[in-house]
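Read the structure below first, then the notes.
The values are calculated or read from the model by the stated rules, or taken from the named source; none is laboratory data. Predicted, not measured: the structure shown is a model, and the values here were computed from it. Here the Cβ positions follow ideal geometry from the backbone for every residue, glycine too, while neighbour counts run over all protein chains shown. All accessible areas refer to the heavy atoms of the entire protein, side chains included, with ligands and DNA or RNA removed. Shrake-Rupley method; radii C 1.70, N 1.55, O 1.52, S 1.80 Å.
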Amino acid sequence: MFSTKFIATLATLATLAASAVASGVEMRGDIGFIKMPAAGDVWKVGRTETVQWRLNFEPPADAADGKLFLSYVGEDVDGDHHTTNKPIAEGITLKDGSLDILVPNVKPGEQYRLTLFSGESAITKPSQPFSITQQ
């Protein structure tokens, strides 16, 4: 009746949904992506860098509820995968598609990622891994 591939796909989707629910992060079905930083980019603490994103939905023109979170993949930084419990930028106008930020003072590492949120929902996939170094 159902193919093995179909059942495996359903199982994978169920696992991903359960992971998102268990982590307390709601993810939109029409999720976008972070264009910059790109894989392998190197940011220096204290410098201004540009974050660019593309959304797969049209946000209201006045929607300024975006929050940008920095996380680390792999070995924990400061005992948690989220480098900061607070966003590194808030009040982001989602329609702008880009934002200049000051690189926060975090431990150097090669597996940092950014994710854009609206309210409690992640509206982009995490960025590709990039590095942060001290000046």
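A single member of E120, E49, E75 is acidic (D, E) and modelled with pLDDT of 90 or more, and it is E49. If you filter the range 114-135 down to residues that are under 20 Å from E90 (Cα atoms) and open to solvent by 60 Å² or more (accessible area, probe 1.4 Å), you find that the one that is nearest to the chain's Cα centre (by Cα) is P126.
Let's see how each residue does on (1) assigned to a loop (DSSP other than H, G, I, E, B); (2) under 15 Å from G66 (Cα atoms); (3) without any contact (Cβ under 8 Å) to a residue 40 or more places away in the chain:
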residue	(1), (2), (3)
K86	yes, yes, yes
E90	no, yes, yes
N105	yes, no, no
Y112	no, no, no
L116	no, yes, no
A122	no, yes, no
